[in-house]
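Single-structure report; data block below.
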Amino acid sequence: MGQEKVLMTGNEAIGEAAIRAGVQAYYGYPITPQNELTAYMSRRMLEEGRVFIQSESELAAISMVTGSSVSGKRAMTSSSSPGISLKQEGISYMAGMELPGVIVNVMRGGPGLGNIGPAQSDYWQATRGGGHGDYRTICLAPSTVQECADLVYLAFDLADKHRNPVLVLADGRLGQMMEPVTFAHLPDAQPPEKPWALTGAKGRQPQRIVSLHLNLDELEQHNIKLGKKYAKIEKDEVRFEEIQMDDAEACIVAYGTSARVAKESLKRARQQGLKVGMIRPITLWPYPYEPVRAAADRVRFFLVPEMSLGQMIEDVRLGVEGKKPVYHTGRCGGNVSTAQEILDELHHCCQKTQTATRV
Amino acid sequence: MSSTTAAKKPKRPHGYRRPDTLTDAPTHFCPGCGHGIVHRLVAEVIDEMGLRESAIAVAPVGCGVLAYDYWKIDVSEAAHGRTPAVATGIKRVQPDKLVLSYQGDGDLAAIGTAEIIHTANRGENITVLFINNAIYGMTGGQMAPTTMLQQKTATTQAGREARVHGNPIHVCELLATLDGSAYLERVSLSSPSNVRKGKKAIKKAFETQLAGLGFSLVEFLSPCPTYWRMNPVEALKHIDQALSKVFPPGVVKDKTREEGKDA
Ligand SMILES: Cc1ncc(C[n+]2csc(CCOP(=O)(O)OP(=O)(O)O)c2C)c(N)n1
C-alpha cells in the first residue's frame, strides 16, 4: 500500500490507519457491522508483530486497552452500539486515569439489540460522557472512507496530546461501504515519550495510575484539573467543514453518513434556486458551536438530518440560541434518508418559515 | 530510591525487617486482616528475587485497592473485576515485566468471573494473588461467591443457603480445568508455618511467570475478623476449622512439575 489509492471498506481503512498511527495493541469482540475491522486487525496486527486479542467481552477489551495504555503504548478497541455501552465502564476509568486510547463505534440501530442497520442514535452517549462521572471524550465523526482513515490516525495523536480517550463515531454504512482510499499522507507515526507510563520502577520512583481519590478535596481538585483540560480541548480542537455557507439562506447541519446524503440534497436544492449551505461537524465534542452561532444571524432556518429521532439537534439549538427555527429530519431504526427526502424537507421548512414570517 | 536496592541481598532474609518493596505507610487494614500479610509476602519475594524494578501490579476494587500506597512498585488501577484484563493489556506489551493481578473473591469470582477464566484460558503469563476471605470486605461484609454454606453475612443474614444463594465457588479447581493455567496453589494464612508456605507459593508462581509457562494463581485463605465477627485469633482458628475444610489447601495444578516428569 504505497502512494496509490486502494478500494477498501471503512472498517478496513480504520484498521490500516490505526496500524500506521502506531497502534501496538488491538482488543475487540465481534459485533456487526464492525466485524471486518476486528478480522482485519486479527491478521494485520500479527503480521506486524503487534498484539491482537479477541477478548471475552467488551468490558475486558476496554480494560486490556487500559493495561496497554498504562504501559505507554498506543492501544485501541472497536465495537458497535451494544458493545460500546459495555465499554463505558472502562472509558470512564480511562478518563479518570487520564489515559489515551482510541475507541471506534460503528453505530447500529438501537436501543437494546436494535438491529445491524446504520444509525446515529449513540450521539448523546458519545458526546455527553457515556459512562459515570464528570468527564468528556473527544469524538470524531468521519463521513467518507478516506476520512475514516484520516480521523483514526488523528485520534491517536489527540489521545496522546491530551491524555484522554478519543471516540471515532462511524456508522454501519460507512463501515461497510467501499471507497478509494489512500494512506500516502499517513506516515508510520512516532508516538511521543510517556514518562508517566508504568514500565517498572527502574532508576526512578514507583508510579501509579489511578482514578481513586478518597479525599473529597483531592478528587475535587482532580475534577477541576480535568475541567481545565476539557476547556483547552474545546478551545483548540474544534473541527468542521462549511459548504456554500457564504450566501446561504438555509443551513443544513449534519455529520457522518447523514452529511454525505445531505450534500447531494444541497446540490439539488442549489440547482432549484434554493440558497442552501451546510455545516458539517467533524468533532462532535468539542462541538462547532461558533459557526452555528454565526450562521444563526444570517440564515432563515436550520435543518438537522440525523439517523435518529434527533440528538445532535440539541447541540445545534445550543448554538442557535433560539434565534432561528431548528428542524429535525431523518429516519431511524437502521434506515437512512434519501437525498430526495431531505430535499423535500428543505422545501417544507422553507414554506413553514415563510408562513411564520408572514403571520 | 536507589537502583541498587533490589540487587542488595538482605542479611537476614527471614528476620523481621521491612522489605525494601514495602513502604512505611501505616496500612488501612483492620486488625487481624490477611491483606497486610500477603502484601508483605509479595514484597519479600520481590526483594529476594530482585524484581522490584521490573514489577508492575494491578490493584483491585476491594480492600486491596490501596496496594500502591504500600508497595514500592508501579501500580495501575482496574475497574472492579477487570483486574486480569488490565494485567493482560500490560503483559502483552511488556512481556519482560513481572505482572501481578491482586484480587479479592468478589472481584475475581463474581464480577470478574469472565475475565479470570479467559485470562487463565489464554495462558496469560501473569500471576494472580487471590485473597479468599469468603466475604466482601470493602462494602461491609456481604456474601461473596466463596462464602461458605451457613455463613452469616450482611446479605445472608440467616446463613448462606445453597438453594437461595448458590454454593461456594472453588476457584483453583475451576481454573485447573483450563489448559492455560500452569500453576495453581491454595494456601492458608492461619499460622506462621502456613504463611511461610504462602511465601513459597508466591515464589513458585513468579518463577512460573518468569519461565513463560503461563497463568499462575495463588489463593490465600485469608482472615477477615471484622466481617466474620470474630477477634483476630478466633479468625485464624476459623480458617483451620472451617474455611480449610471447604477449600483444602494444596497445589491444585503445577505444570512445572508435569513437565519435569515428562523430561
Ligand atoms: C462495578 C462496581 N460494583 C460494585 C462496587 C462496590 N464494591 C467495591 S469492593 C466490592 C467487593 C469487594 O469484595 P472482594 O472483592 O471480596 O474484596 P475484599 O474487599 O473482601 O478484599 C464491591 C462490590 C464497585 N466499586 N464497582
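The values are calculated or read from the model by the stated rules, or taken from the named source; none is laboratory data. Everything numeric in this text was worked out from a predicted model, so none of it was measured. As a convention, Cβ positions derive from the backbone with ideal geometry for all residues, glycine included, and neighbour counts pool all protein chains shown. Accessible surface is based on the protein model in full, side chains and every heavy atom, while ligands, DNA and RNA are left aside. Shrake-Rupley method; radii C 1.70, N 1.55, O 1.52, S 1.80 Å.
Computed quantities for the displayed model
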{"item": "Pick from the range A:5-46, criterion assigned to a helix (DSSP H, G or I) and of a type in the set (Ser, Thr, Tyr), ranking: farthest from the other protein chains (Cβ to nearest Cβ)", "result": "A:Tyr40"}
{"item": "Some residue of the range B:145-164 being within 15 Å of the ligand (Cβ to nearest atom), buried (at least 18 other Cβ atoms within 10 Å of the Cβ) and among the basic types (Lys, Arg)", "result": "yes"}
{"item": "Only one of A:Gly83, A:Gly67 that is open to solvent by less than 10 Å² (accessible area, probe 1.4 Å), more than 10 Å from chain B (Cβ to nearest Cβ) and assigned to a helix (DSSP H, G or I)", "result": "A:Gly83"}
{"item": "Cβ-Cβ under 7 Å pairs, at least 6 apart or on other chains, the range B:50-71 side open to solvent by less than 10 Å² (accessible area, probe 1.4 Å), far side aromatic (Phe, Trp, Tyr) and assigned to a strand (DSSP E or B)", "result": "B:Ala57/B:Trp71; B:Ala57/B:Tyr102; B:Val58/B:Tyr102; B:Ala59/B:Tyr102; B:Pro60/B:Tyr102; B:Gly64/B:Tyr102; B:Ala67/B:Tyr102"}
{"item": "Answer from A:Ser55, A:Ser80, A:Ser63, A:Ser42 - the residue that is more than 23 Å from B:Ile90 (Cβ to Cβ) and modelled with pLDDT of 95 or more", "result": "A:Ser80"}
{"item": "Sole exception among (1) away from chain B (no Cβ under 11 Å); (2) surrounded by fewer than 24 Cβ atoms within 10 Å (Cβ to Cβ); (3) within 18 Å of the chain's Cα centre (by Cα) for A:Pro111, by number", "result": "(3)"}
{"item": "Single residue of A:Pro142, A:Pro165 found to be open to solvent by less than 20 Å² (accessible area, probe 1.4 Å) and touching a Cys at 6+ places or on another chain (Cβ under 7 Å)", "result": "A:Pro142"}
{"item": "Filter result for B:Thr146 (within 14 Å of chain A (Cβ to nearest Cβ), touching a residue at least 24 places away in the same chain (Cβ under 8 Å) and farther than 22 Å from B:Met49 by Cα)", "result": "no"}
{"item": "Close pairs from the range B:21-39: first farther than 17 Å from B:Ser190 by Cα, partner hydroxyl-bearing (Ser, Thr, Tyr), Cβ under 7 Å, at least 6 apart", "result": "B:Leu22/B:Tyr70; B:Thr23/B:Tyr70; B:Ala25/B:Tyr70; B:Thr27/B:Tyr70"}
{"item": "Filter pass, A:Gly101 being closer than 20 Å to A:Ala17 by Cα, at pLDDT 95 or above and surrounded by fewer than 24 Cβ atoms within 10 Å (Cβ to Cβ)", "result": "no"}
{"item": "Sole residue being open to solvent by less than 10 Å² (accessible area, probe 1.4 Å) and either outside the structural domain of A:Gln146 (by TED's automatic domain parsing) or within 22 Å of A:Ser258 (Cβ to Cβ) (or both), chosen from A:Ile91, A:Ile14, A:Ile53, A:Ile62", "result": "A:Ile14"}
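Condition check ((1) assigned to a loop (DSSP other than H, G, I, E, B); (2) of a type in the set (S, T, N, Q); (3) open to solvent by less than 60 Å² (accessible area, probe 1.4 Å)) across all residues:
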{"site": "A:Ala197", "(1), (2), (3)": "yes, no, yes"}
{"site": "A:Gln205", "(1), (2), (3)": "yes, yes, no"}
{"site": "A:Leu214", "(1), (2), (3)": "yes, no, no"}
{"site": "A:Tyr230", "(1), (2), (3)": "no, no, yes"}
{"site": "A:Asp247", "(1), (2), (3)": "yes, no, no"}
{"site": "A:Cys251", "(1), (2), (3)": "no, no, yes"}
